[in-house]
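The structure appears right after this line, and notes come after that.
The values are calculated or read from the model by the stated rules, or taken from the named source; none is laboratory data. What you see is a predicted model, and the numbers here were worked out from it, not measured in a lab. Positions of Cβ are generated from backbone atoms using ideal geometry, with glycine treated the same way; all protein chains shown enter the neighbour counts. Side chains are part of the model used for accessible areas, which takes the heavy atoms of the whole protein and leaves out ligands, DNA and RNA. Shrake-Rupley method; radii C 1.70, N 1.55, O 1.52, S 1.80 Å.
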Amino acid sequence: KENIIDSPSQWDDIKSMRVRKFSMIKDNLDSPNLIGVIAQELESSGMEKLVKTKLHMEHSDDGDDVPVLDAEGNPTDYKSVKTSIIHMKAVKALQEAMERIETLEAKVTALENT
(Lines give C-alpha, C1' and ligand atoms only; values in the text may rest on other atoms or scores of the structure.)
Protein backbone atom coordinates (compact mmCIF):
# COMPACT_ATOMS: atom_id res chain seq x y z
CA LYS A 1 0.00 0.00 0.00
CA GLU A 2 1.11 3.56 -0.57
CA ASN A 3 -0.15 7.12 -0.09
CA ILE A 4 -1.21 6.22 3.45
CA ILE A 5 -2.84 8.98 5.50
CA ASP A 6 -5.26 9.06 8.44
CA SER A 7 -8.93 8.94 7.52
CA PRO A 8 -10.95 12.08 8.13
CA SER A 9 -13.87 11.97 10.52
CA GLN A 10 -16.66 9.51 9.70
CA TRP A 11 -18.84 10.65 12.59
CA ASP A 12 -21.41 12.57 10.55
CA ASP A 13 -21.74 9.87 7.86
CA ILE A 14 -22.34 7.13 10.41
CA LYS A 15 -24.67 9.33 12.46
CA SER A 16 -26.81 10.11 9.42
CA MET A 17 -27.26 6.48 8.35
CA ARG A 18 -30.68 5.03 9.11
CA VAL A 19 -30.36 1.44 10.30
CA ARG A 20 -33.56 -0.32 9.29
CA LYS A 21 -35.31 -3.65 9.64
CA PHE A 22 -36.67 -5.03 6.37
CA SER A 23 -37.32 -8.15 4.35
CA MET A 24 -36.51 -8.91 0.73
CA ILE A 25 -39.44 -8.74 -1.72
CA LYS A 26 -38.50 -12.12 -3.24
CA ASP A 27 -38.83 -13.78 0.20
CA ASN A 28 -42.51 -12.74 0.42
CA LEU A 29 -42.50 -12.42 4.23
CA ASP A 30 -45.08 -10.73 6.46
CA SER A 31 -42.52 -9.03 8.69
CA PRO A 32 -38.91 -7.86 8.52
CA ASN A 33 -36.18 -10.43 9.10
CA LEU A 34 -33.05 -8.44 8.21
CA ILE A 35 -31.26 -5.37 9.56
CA GLY A 36 -29.17 -2.95 7.57
CA VAL A 37 -29.21 0.22 5.52
CA ILE A 38 -31.21 0.92 2.38
CA ALA A 39 -29.12 1.67 -0.72
CA GLN A 40 -31.56 4.25 -2.07
CA GLU A 41 -31.51 6.11 1.26
CA LEU A 42 -27.72 6.21 1.20
CA GLU A 43 -27.83 7.60 -2.34
CA SER A 44 -30.36 10.30 -1.45
CA SER A 45 -28.25 11.37 1.55
CA GLY A 46 -25.21 11.97 -0.67
CA MET A 47 -23.41 8.68 0.00
CA GLU A 48 -23.85 7.25 -3.50
CA LYS A 49 -20.25 5.95 -3.46
CA LEU A 50 -21.42 3.34 -0.94
CA VAL A 51 -23.94 1.93 -3.44
CA LYS A 52 -23.42 -0.32 -6.43
CA THR A 53 -25.94 -1.19 -9.12
CA LYS A 54 -25.96 -4.73 -10.50
CA LEU A 55 -27.95 -6.51 -13.19
CA HIS A 56 -30.49 -9.09 -12.04
CA MET A 57 -29.16 -12.37 -13.44
CA GLU A 58 -30.60 -15.85 -13.54
CA HIS A 59 -29.13 -19.20 -14.47
CA SER A 60 -30.35 -20.49 -17.83
CA ASP A 61 -30.91 -24.10 -18.86
CA ASP A 62 -27.70 -24.11 -20.92
CA GLY A 63 -25.64 -23.13 -17.88
CA ASP A 64 -25.06 -19.47 -18.69
CA ASP A 65 -26.18 -16.53 -16.58
CA VAL A 66 -28.60 -14.28 -18.46
CA PRO A 67 -30.15 -10.94 -17.44
CA VAL A 68 -33.68 -10.91 -16.04
CA LEU A 69 -35.88 -8.82 -18.32
CA ASP A 70 -38.86 -6.62 -17.45
CA ALA A 71 -42.19 -6.67 -19.31
CA GLU A 72 -40.74 -4.50 -22.11
CA GLY A 73 -37.69 -6.76 -22.54
CA ASN A 74 -35.24 -4.44 -20.77
CA PRO A 75 -32.65 -5.81 -18.33
CA THR A 76 -33.55 -5.18 -14.69
CA ASP A 77 -31.12 -4.14 -12.01
CA TYR A 78 -30.91 -3.75 -8.26
CA LYS A 79 -28.88 -1.71 -5.81
CA SER A 80 -26.67 -3.08 -3.09
CA VAL A 81 -24.59 -1.54 -0.34
CA LYS A 82 -20.81 -1.73 -0.09
CA THR A 83 -20.90 -2.98 3.49
CA SER A 84 -17.14 -3.38 3.80
CA ILE A 85 -16.77 0.40 3.43
CA ILE A 86 -19.53 1.01 5.97
CA HIS A 87 -17.74 -1.29 8.40
CA MET A 88 -14.53 0.75 8.09
CA LYS A 89 -16.47 4.00 8.49
CA ALA A 90 -18.04 2.53 11.63
CA VAL A 91 -14.62 1.56 13.03
CA LYS A 92 -13.37 5.12 12.52
CA ALA A 93 -16.52 6.57 14.11
CA LEU A 94 -16.12 4.18 17.05
CA GLN A 95 -12.54 5.38 17.53
CA GLU A 96 -13.83 8.96 17.53
CA ALA A 97 -16.51 8.07 20.08
CA MET A 98 -13.94 6.35 22.28
CA GLU A 99 -11.75 9.46 22.18
CA ARG A 100 -14.71 11.66 23.15
CA ILE A 101 -15.62 9.33 26.02
CA GLU A 102 -12.05 9.28 27.31
CA THR A 103 -11.94 13.08 27.20
CA LEU A 104 -15.21 13.31 29.14
CA GLU A 105 -14.00 10.71 31.68
CA ALA A 106 -10.85 12.76 32.26
CA LYS A 107 -12.95 15.90 32.77
CA VAL A 108 -15.26 14.11 35.24
CA THR A 109 -12.27 12.75 37.15
CA ALA A 110 -10.72 16.22 37.30
CA LEU A 111 -13.98 17.72 38.56
CA GLU A 112 -14.37 14.98 41.20
CA ASN A 113 -10.85 15.64 42.47
CA THR A 114 -11.39 19.38 43.00
Complete set of residues in the range 49-69 that are in a loop (DSSP other than H, G, I, E, B) and under 30 Å from Met17 (Cβ atoms): His56, Val68
Of residues in the range 18-36 being under 18 Å from Ala93 (Cα atoms) and out of contact with any helix residue (DSSP H, G or I) (no Cβ under 7 Å at 6 or more places or on another chain), the one most open to solvent (accessible area, probe 1.4 Å): Val19
Cβ-Cβ under 7 Å pairs, at least 6 apart or on other chains, the range 93-114 side under 12 Å from Trp11 (Cα atoms), far side open to solvent by 70 Å² or more (accessible area, probe 1.4 Å): Glu96/Ser9
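Working only within the range 74-114, note down all residues that are within 29 Å of Leu42 (Cα to Cα) and small (Gly, Ala, Ser).
Matches in the range 74-114: Ser80, Ser84, Ala90, Ala93, Ala97.
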Residue in the range 44-51 that is at pLDDT 95 or above, more than 23 Å from the chain's Cα centre (by Cα) and either among the β-branched types (Val, Ile, Thr) or open to solvent by 90 Å² or more (accessible area, probe 1.4 Å) (or both) present: no
First in the range 10-27 and among the β-branched types (Val, Ile, Thr), second anywhere and surrounded by fewer than 10 Cβ atoms within 10 Å (Cβ to Cβ), Cβ under 9 Å, 6 or more apart: Val19/Ile35
Any chance Lys79 is surrounded by 10 or more Cβ atoms within 10 Å (Cβ to Cβ), among the charged types (D, E, K, R), free of Cβ contacts under 8 Å to residues at least 60 places away in the same chain and in contact with a Lys or Arg (Cβ under 9 Å, 6 or more places away or on another chain): yes
Scan of the range 31-76 for residues that are in contact with a strand residue (DSSP E or B) (Cβ under 8 Å, 6 or more places away or on another chain) and basic (Lys, Arg), ordered by number: Lys52, Lys54
Boolean, Asp61 is open to solvent by 80 Å² or more (accessible area, probe 1.4 Å) and over 22 Å from the mean Cα position of the chain (by Cα): yes
